[in-house]
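Here the structure comes first, spelled out in structure tokens, and everything after it is commentary.
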Amino acid sequence: MQTYKGQRFRRIYGIILMAVTLIVGMLMIVQVWRLFLSADKAAYTTASIAAYFAPISPFVYTWLLMVIGNIVFAFVFPEPQAKVKGGVDELTALERLKRRLPDNGETVPKMRAGTVGRRWILAAVIALTVMAGGVCAYYLISTEYSARFQSEFFTAHGGVADRLVKILPWLISMFFLLVSATLFDSCIVGAQTNILKDAVAKEAKKQKELKAEGKTEAQIRREEKAEIAAKITAECEKRGESEKAEALIEKAIAKKNKENAAYAMACKATAEQRAKEKEREEMKAKYAKDRKVGLWIVRGVLLTAGIVLIVVGIVNGGMADVFEKARNICTQCIGLG
């Protein structure tokens with residue numbers, strides 16, 4: 001996950017802008033609703049609209065300034081241009097990196113902490129969402145209304161507005177909870193991806209160094225098995241359980257063989273995928289020029305056809321007919337002029 005100057009500031013600013021946008025949208029809906037339910041016969045006049053807009057105007061102007069500020073910050077702190085890799089999302093990339101490690105990335109430092117953190121986030125979001133949903137359901141089926149909302153506006157539809165006002169804070173809280181959880185989960189996945197990239201690079205460097213020493217694949221595997229056996233034997237002797245060493249060694253070697261097989265398959269699949277991507281890029285570069293020429297030909301044909309049809313319409317009097325119909329609608333139906 002690429003980082004850039006001002007990334008954290010822009011992310012926080014974006015969350016605040018999203019909240020202000022949501023608040024302004026709700027205020028606009030409420031004011032339009034109030035204006036619609038007003039007893040004024042000429043409700044949609046300049047004066048009445050201005051009267052209902054005045055109370056929410058500070059929020060609207062603040063939102064406009066924040067939108068302008070967001071555009072300015074996009075130039076001050078530009079995001080780096082990232083190359084799109086076939087539409088692969090972060091989770092898929094993370095799983096692919098795991099498969100490229102002999103132990104599936106389980107023993108990489110800080111990986112387990114990130115996985116546990118993601119599970120706790122998911123559990124907390126589910127629990128809080130269920131609780132907020134229960135509260136909303138209770139208010140929606142409740143027949144009792146608060147005295148502070150017993151006005152003509154809130155009782156115009158049998159207390160529906162009162163119920164919506166009660167559940168609105170819970171709905172907003174659920175929305176921000178989901179957004180925050182998604183952003184936090186994305187940060188964790190990005191951090192895990194960077195950790196696994198370093199681990200994959202170290203593993204590749206290790207394999208390259210072993211091959212540079214002139215060792216065959218069989219020799220490397222024998223050394224790994226010997227190292228596993230020596231480590232388990234020393235641990236069992238330290239605990240006084242030497243009789244369990246043989247069974248533990250067999251189990252550890254079987255697990256190592258399985259991990260090595262999965263690692264070899266993942267490396268083979270990655271090499272095949274890279275070869276296909278390279279071939280695809282070569283084909284794209286080969287036919288890019290032809291596609292560009294064809295696109296401009298199609299554009300030229302459409303532009304020429306449009307100009308010809310416009311000229312034909314002007315010549316046969318079609319433009320005058322359309323203008324006459326438009327004039328009649330504006331002067332007779334709508335009442336302009």
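The values are calculated or read from the model by the stated rules, or taken from the named source; none is laboratory data. Not measured: the values here are computed from a predicted model. Neighbour counts run over all protein chains shown; Cβ positions are idealised from the backbone, glycine included.
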(message) List pairs: first residue in the stretch 18-34 and under 22 Å from L183 (Cβ atoms) and not assigned by TED's automatic domain parsing to the domain that holds I49, second residue part of a helix (DSSP H, G or I) and at pLDDT 85 or above anywhere in the structure, Cβ distance under 9 angstrom, at least six positions apart or on different chains.
(response) none
(request) Scan the stretch 165-202 residue by residue and report those that are crowded, with 16+ Cβ neighbours inside 10 Å and out of contact with any helix residue (DSSP H, G or I) (no Cβ under 7 Å at 6 or more places or on another chain). (result) A199
(message) Name the single residue that is modelled with the highest pLDDT among those in the stretch 119-164 being surrounded by 14 or more Cβ atoms within 10 Å (Cβ to Cβ) and of a type in the set (S, T, Y).
(response) T129
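Conditions (1) surrounded by fewer than 11 Cβ atoms within 10 Å (Cβ to Cβ); (2) small (G, A, S), marked per residue:
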{"residue": "A230", "(1), (2)": "no, yes"}
{"residue": "E241", "(1), (2)": "no, no"}
{"residue": "I249", "(1), (2)": "no, no"}
{"residue": "E259", "(1), (2)": "no, no"}
{"residue": "E279", "(1), (2)": "yes, no"}
{"residue": "G306", "(1), (2)": "yes, yes"}
(message) Cβ-Cβ distance below 9 Å, separation of 6 or more or different chains: which pairs start in the stretch 183-204 with a residue that is closer than 14 Å to P109 by Cβ and in contact (Cβ under 8 Å) with a residue 60 or more places away in the chain and end on one that is assigned to a helix (DSSP H, G or I) and of a type in the set (S, T, N, Q)?
(response) Q192/T115
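Okay, residues lined up against (1) more than 30 Å from G105 (Cβ to Cβ); (2) at pLDDT 80 or above:
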residue	(1), (2)
I253	no, yes
A264	no, no
K268	no, no
E277	no, no
D290	yes, no
L302	yes, yes
